[in-house]
Structures are given as C-alpha cells and as structure tokens.
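Presented below is the structure to which this report refers.
The values are calculated or read from the model by the stated rules, or taken from the named source; none is laboratory data. Not measured: the values here are computed from a predicted model. Reconstructed Cβ throughout: ideal geometry from the backbone, glycine too, with neighbour counts over all protein chains shown. Please note that ligands, DNA and RNA were not included when accessible areas were found on the heavy atoms of the full protein model with its side chains. Shrake-Rupley method; radii C 1.70, N 1.55, O 1.52, S 1.80 Å.
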Amino acid sequence: QIPAENIILYPVDEPGGDVDDPKSSMHHALNVGRVLKKAGAGIRLMINPNVADEKLAGKNLPALAESYDIFEFYFPHLKPKTIQLAKQTGKELWSYYIPAKVTSPLAYRSMGIKNFQAGFSGVAAFWHLDSHAGGDGFNSQDGIRNRADYGSIYADHDMETILTSRRQEAHDLGREDFRLAEYCRRLLKQRNEPQ
C-alpha cells in the first residue's frame with residue numbers, strides 16, 4: 001500500500017554513450033524510460049547517467065528528462081557546465097559517491113554541503129548500505145562476504161543487533177548541515193524581500 005509517488009524505479013545503471021546510437025546503453029535507457037513512464041501511472045523514475053562528455057550531456061539530459069523524474073550523478077565527475085545542464089532540465093537532482101574503505105567520516109559529512117553548494121536536493125547517497133553485513137562493524141577484517149567496511153549499517157551477530165557506522169553517523173550530520181543551510185537560505189530570502 002505504498003503510494004505510487006513514493007515508488008522510484010531505477011532501471012538502468014550508469015548508461016553511457018549517445019541517446020541516438022541504438023547500440024549505446026544511453027539509447028537503451030531512453031527507451032526503457034519511455035516504456036516505464038507510459039505504464040507506470042505515477043511511479044517516479046531515476047537514472048544515474050554517465051555525463052563525463054559535456055557535449056553528449058547537453059544532448060542526452062534533455063532527452064532523458066522526457067521520461068525520468070530524478071537524475072542522480074556521480075558527484076566527483078561533475079563539472080560546473082554539467083551541473084548547469086542538469087539544472088536546466090528542471091528535474092530533481094541527487095548525487096552519489098562510492099567512497100573507499102579509507103575515506104574519512106568527514107568526507108561523508110561533506111556530501112550534503114556539496115549538494116547544497118551545487119543547488120541539488122539534499123539526497124546524497126553512498127554505496128553500500130550493508131557492504132559489511134554479517135560481520136563486526138568495528139573490525140574491518142572479519143567480513144563474511146567481503147572485507148569492505150564503508151557500509152552504512154552492520155549486522156552484529158554476536159550482540160544480535162544492528163549498528164550504524166561512524167560514516168553513516170557523519171552522513172546524517174551532513175544531512176542536518178544541509179537542512180540548516182537551506183533553512184538559513186530561506187530566512188535570508190524572506191528578510192531581503194520587500195515587505
């Protein structure tokens with residue numbers, strides 16, 4: 001009983017190439033988006049297009065915007081021109097990061113502020129939600145499936161509980177930073193408007 005507007009489909013991962021090239025994953029993403037949009041009855045679609053080539057981004061983003069509601073970009077590869085092109089689509093803009101095991105919690109906290117500065121929404125995701133699930137969240141060498149410890153949550157089987165990582169806690173603080181900055185921006189705008 002989830003309302004349709006709360007459902008987000010993510011059908012193609014990191015499509016690249018030219019939307020007009022039938023062999024490209026970008027062309028495939030365009031077609032999949034069109035089909036799902038017609039059938040979806042209010043379900044939102046998200047895509048994380050590869051936008052390394054600014055010329056193609058200027059062509060691909062408007063085409064994708066016909067069907068996709070949310071663009072999620074890999075933030076470290078974004079250039080100012082691409083950010084401008086993304087904003088021109090009028091779509092909701094998210095970002096994501098794929099941090100390394102050695103990435104400090106401070107970097108996770110800064111994700112929200114980078115979104116704020118770029119004019120994106122407050123959604124800044126990082127992979128992986130449960131990359132260390134099944135091990136001890138404080139010991140990066142005991143993973144059952146892999147030994148990455150940059151996850152968000154951990155299953156602690158010894159204590160039979162769930163733990164949030166220090167990186168997740170930092171990310172949550174970054175989300176609060178974003179919300180406070182947005183609140184201050186609205187207050188300044190109200191103060192500067194003629195009464």
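Please count how many residues of the stretch 19-54 are of a type outside the set (A, V, I, L, M, F, W, C) and closer than 18 Å to ALA86 by Cβ.
Result for the stretch 19-54: 7.
Of everything in the stretch 74-83 that's touching a residue at least 24 places away in the same chain (Cβ under 8 Å) and outside any strand (DSSP E or B), which residue is surrounded by the fewest Cβ atoms within 10 Å (Cβ to Cβ)?
So, considering only residues that are touching a residue at least 24 places away in the same chain (Cβ under 8 Å) and outside any strand (DSSP E or B), the one surrounded by the fewest Cβ atoms within 10 Å (Cβ to Cβ) is HIS77.
Which of the numbered conditions does GLY42 fail, given that it passes all the others? Conditions: (1) on the phi > 0 side of the Ramachandran plot; (2) at pLDDT 95 or above; (3) not hydroxyl-bearing (Ser, Thr, Tyr).
The number of the failed condition is (2).
So if I check each of ALA86, ALA41, which one is free of Cβ contacts under 8 Å to residues at least 40 places away in the same chain and open to solvent by less than 10 Å² (accessible area, probe 1.4 Å)?
Just a single option satisfies the conditions, and that option is ALA86.
Every residue in the stretch 160-176 that is modelled with pLDDT under 80 and assigned to a loop (DSSP other than H, G, I, E, B), please.
Of everything in the stretch 160-176, just one residue is modelled with pLDDT under 80 and assigned to a loop (DSSP other than H, G, I, E, B), namely SER165.
Kindly indicate which of SER121, SER140 is polar (S, T, N, Q) and at pLDDT 90 or above.
One residue alone meets the criteria, SER121.
Does the stretch 46-56 hold any residues that are surrounded by 22 or more Cβ atoms within 10 Å (Cβ to Cβ) and either over 14 Å from HIS28 (Cα atoms) or of a type outside the set (Val, Ile, Thr) (or both), and which are they?
PRO49, VAL51
For the stretch 89-118, which positions are of a type in the set (A, V, I, L, M, F, W, C), open to solvent by 30 Å² or more (accessible area, probe 1.4 Å) and part of a helix (DSSP H, G or I)?
LEU106, ALA107, ILE113, PHE116 - these are the residues of the stretch 89-118 that are of a type in the set (A, V, I, L, M, F, W, C), open to solvent by 30 Å² or more (accessible area, probe 1.4 Å) and part of a helix (DSSP H, G or I).
If we keep just the residues of the stretch 5-43 that are touching a strand residue (DSSP E or B) at 6+ places or on another chain (Cβ under 8 Å) and of a type in the set (Gly, Ala, Ser), which is farthest from ALA57 (Cα to Cα)?
GLY40
Residue-by-condition table, conditions (1) under 17 Å from ALA118 (Cα atoms); (2) of a type in the set (A, V, I, L, M, F, W, C):
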| position | (1), (2) |
| --- | --- |
| GLY17 | no, no |
| VAL32 | no, yes |
| GLY40 | no, no |
| TYR68 | no, no |
| LYS87 | yes, no |
